[in-house]
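Q: My questions will all concern the structure given below.
The values are calculated or read from the model by the stated rules, or taken from the named source; none is laboratory data. In this text, all values refer to a predicted model and were calculated from it rather than measured experimentally. Reconstructed Cβ throughout: ideal geometry from the backbone, glycine too, with neighbour counts over all protein chains shown. Side chains included, ligands, DNA and RNA excluded: accessible areas come from the protein's heavy atoms. Shrake-Rupley method; radii C 1.70, N 1.55, O 1.52, S 1.80 Å.
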Protein chains: 2
Amino acid sequence: MNIGQASNATGVSAKMIRYYESIGLIRAPLRTESNYRVYSSDEVHTLRFVKRARTLGFSVEETATLLGLWQDKERASAEVKSIATGHIAALETKIAELQSMVKTLKHLANCCGGDDRPNCPILDDLAGETIKTKGH
Amino acid sequence: MNIGQASNATGVSAKMIRYYESIGLIRAPLRTESNYRVYSSDEVHTLRFVKRARTLGFSVEETATLLGLWQDKERASAEVKSIATGHIAALETKIAELQSMVKTLKHLANCCGGDDRPNCPILDDLAGETIKTKGH
DNA sequence: CTTGACCTTCCCATGATGGGAACCCTTATA
DNA sequence: TATAAGGGTTCCCATCATGGGAAGGTCAAG
């Protein structure tokens, strides 16, 4: 299997496969005589693991740790779980931040006429003026 | 007011103030004889506008547009509102993605013993094995 | 007059990804 | 069998917003 086929089989772009190899996330595969990378099904499996971890929002660094644990048959599941729960916490923090932005923006958008006139509470807020809540 | 004071007054780092100037988001301020940037209260006001927009998650590009509208006394508030609602939609998409990650991870973490044993559904999932939901 | 706290510019790094050039290899088809 | 299409290879550059740090000029307080 060459890199294009491995890419199709895993959803990881050839570009990223080479990148993961260059930073040491995955091992360098064997090469053909003409210098093409050749991937075994084991290596494809590893790529799928990486893809899934990235899809779940783990950083490349966290993914490297998880890969290490995956390959360590002696690992304690507690270690994996703690990485996962830490990641969940980070995601939830991020979600809360975004939700707070949305909340503020919705309030502002709700107070804005959205018409031809220049009067605009959204800009007033950005400019630091306190907003007068529309009666509700 | 020099750049450090402007930074303190707005919460935008001196580094970022220079950057915003370099990309044309804000105008280059006057300089002293010794080449120090000098900020007027108007310019500080603009910096605060930028800071607020960035805090609300607008990109620098969107912020530039909003700044332009702010300074255009003839703008239609509808234009501002449409940028805001577009941004809200983008944030909500992002939130939904993160929530979906959290949901999956919570499920996996919930199924994981988190003990000394190597058995770990989180890794099994990353490796592509279907997970057996713990009875609930 | 020295010291320390500013300021200036310039370059480099981040994280994860894509774009593209220049060049080599393989495979199918005319 | 010659050629073209569609791989592969390396290498460099760009993104977005931000920070770090070096080398050097300036200002204010002691």
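Q: Of the conditions (1) more than 14 Å from DNA strand C (Cβ to nearest atom); (2) in contact with a helix residue (DSSP H, G or I) (Cβ under 9 Å, 6 or more places away or on another chain); (3) not in a loop (DSSP other than H, G, I, E, B), A:Arg75 fails just one. Which one is it?
A: Of the numbered conditions (1) more than 14 Å from DNA strand C (Cβ to nearest atom); (2) in contact with a helix residue (DSSP H, G or I) (Cβ under 9 Å, 6 or more places away or on another chain); (3) not in a loop (DSSP other than H, G, I, E, B), the odd one out for A:Arg75 is (3).
Q: Among the residues of segment B:1-21, write down those that are near DNA strand D (Cβ under 9 Å from one of its atoms) and within 14 Å of chain A (Cβ to nearest Cβ).
A: If the condition is that a residue be near DNA strand D (Cβ under 9 Å from one of its atoms) and within 14 Å of chain A (Cβ to nearest Cβ), then B:Val12 is the only one that fits.
Q: Given the structure, is A:Thr46 more than 7 Å from chain B (Cβ to nearest Cβ) and in contact (Cβ under 8 Å) with a residue 12 or more places away in the chain? Steps first, please.
A: On the way: more than 7 Å from chain B (Cβ to nearest Cβ): yes; in contact (Cβ under 8 Å) with a residue 12 or more places away in the chain: yes.
Here the answer is yes, as A:Thr46 does meet what is asked.
Q: Please work out if A:Gly68 is away from chain B (no Cβ under 14 Å) and either touching a Ser or Thr at 6+ places or on another chain (Cβ under 9 Å) or surrounded by fewer than 18 Cβ atoms within 10 Å (Cβ to Cβ) (or both).
A: Details: away from chain B (no Cβ under 14 Å): no; either touching a Ser or Thr at 6+ places or on another chain (Cβ under 9 Å) or surrounded by fewer than 18 Cβ atoms within 10 Å (Cβ to Cβ) (or both): yes.
No.
Q: So which residues in segment A:79-103 are at the interface with chain B (Cβ under 7 Å from one of its Cβ atoms) and within 11 Å of B:Leu56 (Cβ to Cβ), if there are any at all?
A: Passing the criteria: A:Leu98, A:Met101, A:Val102.
Q: Would you confirm, using the coordinates I've provided, whether B:Ser82 is over 16 Å from A:Leu108 (Cβ atoms), open to solvent by 30 Å² or more (accessible area, probe 1.4 Å) and among the hydroxyl-bearing types (Ser, Thr, Tyr)?
A: Details: over 16 Å from A:Leu108 (Cβ atoms): no; open to solvent by 30 Å² or more (accessible area, probe 1.4 Å): yes; among the hydroxyl-bearing types (Ser, Thr, Tyr): yes.
Taking the combined requirement at face value, the residue does not satisfy it.
Q: Next up: Within segment B:104-113, is there a residue that is at the interface with another protein chain (Cβ under 9 Å from one of its Cβ atoms), closer than 30 Å to A:Glu43 by Cβ and loosely packed, with under 14 Cβ neighbours inside 10 Å?
A: Initially, segment B:104-113 is screened for residues at the interface with another protein chain (Cβ under 9 Å from one of its Cβ atoms), giving B:104-106, B:108-109, B:112-113.
Then drop every residue that is not closer than 30 Å to A:Glu43 by Cβ, which leaves B:104-105, B:108-109, B:112-113.
Then keep just the ones that are loosely packed, with under 14 Cβ neighbours inside 10 Å; that gives none.
No: zero hits.
Q: With (1) under 30 Å from A:Thr55 (Cα atoms); (2) more than 9 Å from chain A (Cβ to nearest Cβ); (3) within 14 Å of DNA strand D (Cβ to nearest atom) as the list, and B:Leu56 as the residue in question, which single condition is left unmet?
A: (2)
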